[in-house]
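Worksheet for the structure shown next.
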Amino acid sequence: MFSLARLKLHNFFIFEDVDLDFTVLKQGNVVYMEGINHDATDSKSNWSGKSTLLIDAFRWVIRGKYDRLEKANDVVGQFDKWTSVRLVYAVNGDRLIITRYRKHPKYKNHLTVKWRGKSVTGERVVESMAMFEKLVKMDVARFTYGVLFDSNSDFDLFKQKPTARKDRKS
């Protein structure tokens with residue numbers, strides 16, 4: 001069984017450092033998140049970073065792209081010279097960790113994969129992604145989608161543009 005255990009960001013877009021520990025949640029719990037946009041007077045939570053934190057960070061790790069920005073280096077925020085996003089999965093008592101970096105002093109623009117505490121990172125990003133997919137026995141997008149959402153759901157948030165997510169009525 002796979003479950004998302006942790007999401008950790010450093011200097012990703014508007015976030016300096018975020019560390020969300022999902023292991024404290026019990027199965028079936030719901031997380032409520034509210035954002036406050038201090039720059040907008042007409043809206044309380046629009047454009048406050050909720051989708052960036054919970055959707056775009058995942059997409060960036062998986063695809064290496066951030067749909068809202070033109071240049072790859074634009075994911076690097078204002079708090080440091082580099083950025084990283086780490087996803088930690090619990091897999092039958094073990095840990096599977098995938099981390100994407102941009103402009104990192106050591107890892108450059110690489111993707112690292114750790115399984116059971118040991119690096120299984122390839123020399124190139126494509127090799128690291130292949131190792132991740134081999135470990136989980138499916139492509140990484142389908143794996144992450146299945147961890148985040150019920151695999152039978154028609155709610156395909158990963159394929160939606162930010163405006164479509166915003167306009168979606170639940």
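Brief remarks follow.
- Counted charge near Phe79, where neighbours are those whose Cβ lies closer than 9 Å (Asp, Glu -1; Lys, Arg +1): -3
- Extension gain for Glu16 to Ala141 (0.36 nm times residue separation, less C-alpha to C-alpha distance): 42.5 nm.
- In this structure, the pairs whose alpha-carbon distance is over 24 Å, taken from Lys65/Lys134; Lys8/Lys118; Lys114/Lys137; Lys81/Lys137; Lys65/Lys108, are Lys81/Lys137.
- For Lys118, neighbours were defined as the other residues whose beta-carbon sits under 12 Å from its Cβ, and their charges (Lys and Arg +1, Asp and Glu -1) total +2.
We did not get these values from a lab; they are worked out from the coordinates using the rules stated. Note that the structure is predicted; figures quoted are calculated from it, not measured. Positions of Cβ are backbone-derived with ideal geometry, glycine not excepted, and every protein chain shown enters the neighbour counts.
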